[in-house]
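Step one of this worksheet: look at the structure below.
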Amino acid sequence: MSGVYYAAPHSNIRGSAGSRAVEKKLLFLAALYLLAGIMSLYLDESGALVIIAVVAGLSVAVAFLLIHIYWKASGFRGDHYLLPVTAVLISTGLVFLFRLDPYYGIRQFIWILLGLGTLVFTSRVLVNFRFLGDYKYIYALLGLIALILPIFFGKVQGGAKSWLDFGFFQLQPSEFVKILLVLFLASYLAENRAVLSAGTRSLGWVSLPDPRECAPMVVMWGISLLLLVFQRDLGAALIYFGTFLAMVYAATARIFYILFGLGFFMAGASVSYFLFDHVRDRVLIWLNPWPYIDNIGYQITQSLFAIGSGGILGAGFGQGYPGYIPLVHSDFIFSAICEELGLLGGAGIIILFMILIFRGIKIALHARDEFSALTAIGLTSLLGLQTFVIIAGVTRLLPLTGVTLPYISYGGSSLLANFILLGLLLNISHEANDSL
Amino acid sequence: MFAVLLLILRYGFLFLLGIFIVMLVKWMVSDLYMEQELRPAGQKEMSETKADTGRLVVINSSLADLNYGDTFLIDRDIILGRDSGSSIVIKDTFASNQHARVFVRQGQYWLEDIGSTNGTFVNEAQVKQPVVLADGDRLRVGSVTFQFVRWGHEVGLYN
């Protein structure tokens, strides 16, 4: 037989979850990190801005600790590591935004507080998240509406027409639609998993599911891709599609779907290369940005200069010149981190994201049923892919596609959506730990 | 002096990031060890819950290392046999090296005799082909009798 199993006599199988001591200690460290960052920025200055920055830093640190206290008091058993890791990422973002442009720092501070409110709300109201699985066609509809709206009423920003303008703030619906997409797919796949993985008709050496079973899925996916082409939001299209493939694979364990999907993706990518100028530009500056350093390649080359000049230890926080990179506060914030904190800081941020993904997959493995496991997998791949796409983009590993770096980049929609994502992951782990 | 403090703070920022990651990984790893101790056979089917994990409780044994009340959780496929590599080692002369197997399929516990010499018995009926175990079934291998318990919390069989 396969291996030796050890089944020792047990008297009790209760876990020691419940006390969130580790979370508390890690949150204190995160608070220290945030305050050190703020202090080193403003120690030699004075004025109203310094007071605002210090107040912002202190409030964010306290807000995180308050959430911890609230969860402890209310017996919430969600994962202990997600909140501290997020706290450090959020702190890095806040400190860097204050350093790059205090205007964005202050706005980000307000978004963080709103986001933390959303997190508490999610962990409170959606704690029995299972009912979310009952409304999958409503999500598909809502998602479609939210994606169509910006095409007609949208505002072009950074080459992508995916923003709704509400006067004093703008909303990017595709950030929220990605969560709806995950919920839809999780619910749909949990219901049709058996049919999809077995297949009912055979085509040569592969057995295909009945077209009726996969029609809603293909339609949902095709429409979202088309819309994203119209909105010219390449990054989001890539993330949607990757998440879709990851979830289908997690549900069916059939490599055939992945190959099929990748084939589709390649076809779509080559078609859009020939059809759209902005796609061609992106590929061009990815292969060799240097001839275009004065125009379309300016942003990516400045990013490469910044990362390169950081070296191993970085220029020191506040000592670099990341201001030369256009859009450094949102898509390119990772380059600024690499310039000032060096290879060590950049690697640290990547490690933190890897830990988030590790916890997400762990939550999925421990989930109690297929819907929650698939939701956890979907949310985790969403987070992982988005991080990968933007970090690979600014370091020129992949063609650049404009998406935010989760929890770090400036952006209200992205922050709120990622806090909802975090809340859902925590709820799934809360339920799994509850049965221990 | 002030400049030195600023320098320390600047690199302290990066240093604290490092400290955070080190502590995080340290605690996560010790968490993993703890989990391993709590659930030795680890892995479980996705759909079942831990509360109703089946278990085998010794109710009759003439062997020194298996005592009345000893409980074995079945959270993955297990092998019963005389071989010391078995999940449950039965040092009985009537037990074969690899005697029987209990496995979980879709929330049900199956018992299969894997070619033992003297047979496996459920409620004193010999097992010819895989059978589903129900709560309360008595499983006998050689001179050792186990009771299969599915809802451990509700059965007051052992103290």
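Data for the structure
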{"read-out": "Environment charge of B:Leu6, counting only residues whose C-beta is closer than 12 Å and scoring Lys/Arg +1, Asp/Glu -1", "value": "-1"}
{"read-out": "Ratio Rg/Rh, restricted to segment A:279-436 and using Cα atoms, in which Rh is the Kirkwood radius", "value": "1.06"}
{"read-out": "HN-Hα J in Hz across segment A:355-371 - Karplus 6.51, -1.76, 1.60, θ = phi - 60°, x for Gly and Pro", "value": "5, 4, 5, 4, 5, x, 5, 4, 4, 5, 5, 8, 5, 8, 9, 5, 4"}
{"read-out": "Where A:Met266, B:Met23, A:Met247, A:Met39 fall by accessible area, highest first, once all protein chains stay in place (1.4 Å)", "value": "A:Met266, A:Met39, B:Met23, A:Met247"}
{"read-out": "Under Karplus coefficients 6.51, -1.76 and 1.60, residue-wise ³J(HN,Hα) of segment A:388-396 in Hz, glycine/proline x", "value": "5, 4, 7, 5, 5, x, 6, 9, 6"}
{"read-out": "Projected label distance in nm at B:Asn123 and A:Leu313, using a 7 Å step from Cα toward the beta-carbon", "value": "7.6 nm"}
{"read-out": "Amide hydrogen neighbours beyond the local backbone of A:Leu398, cut-off 5 Å, H modeled", "value": "A:Gly393"}
{"read-out": "Accessible surface buried once B binds A (1.4 Å probe; total of both sides; Å²)", "value": "4600 Å²"}
{"read-out": "Nearest-10 value in Å² for the accessible area of A:Leu35, using the 1.4 Å probe", "value": "50 Å²"}
{"read-out": "Extended-chain gain in nm, criterion 0.36 nm per residue less alpha-carbon gap, A:Phe121 and A:Ala48", "value": "23.0 nm"}
{"read-out": "Around A:Leu379: net Lys/Arg minus Asp/Glu count, Cβ-Cβ under 12 Å", "value": "+2"}
{"read-out": "Integer Hz, Karplus 6.51/-1.76/1.60 couplings in order for segment B:82-94, x for Gly and Pro", "value": "7, 4, 6, x, 5, 5, 10, 8, 10, 8, 10, 5, 8"}
{"read-out": "Spin-label pair A:Tyr103/B:Met23, simplified geometry with 7 Å Cα→Cβ offset, distance in nm", "value": "3.7 nm"}
{"read-out": "Stretchable slack from A:Trp286 to A:Ala267, in nm (0.36 nm times residue separation minus alpha-carbon distance)", "value": "4.9 nm"}
{"read-out": "Heavy-atom accessible area order for A:Asp134, B:Asp137, B:Asp77, largest first, 1.4 Å probe", "value": "A:Asp134, B:Asp77, B:Asp137"}
{"read-out": "Förster radius 45 Å - calculated FRET efficiency between A:Phe152 and A:Leu113, Cβ distance, rounded to 0.05", "value": "0.90"}
{"read-out": "Distance between modelled label sites at A:Val62 and A:Asn295, nm, 7 Å Cα→Cβ extension", "value": "5.3 nm"}
{"read-out": "Sites B:Asn97 and B:Ser30, calculated FRET efficiency, Cβ-Cβ separation with R0 25 Å, nearest 0.05", "value": "0.10"}
{"read-out": "Heavy atoms of B:Trp27 accessible to a 1.4 Å probe, total area in Å² rounded to 10", "value": "40 Å²"}
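The values are calculated or read from the model by the stated rules, or taken from the named source; none is laboratory data. Treat the numbers as computed from the prediction; the structure is a model and nothing was measured. Don't worry about glycine lacking a Cβ; one is built from the backbone with ideal geometry, like all the others, and counts go over all protein chains shown. Heads up: the accessible areas ignore ligands, DNA and RNA and are worked out on the full protein's heavy atoms, side chains in. Shrake-Rupley method; radii C 1.70, N 1.55, O 1.52, S 1.80 Å.
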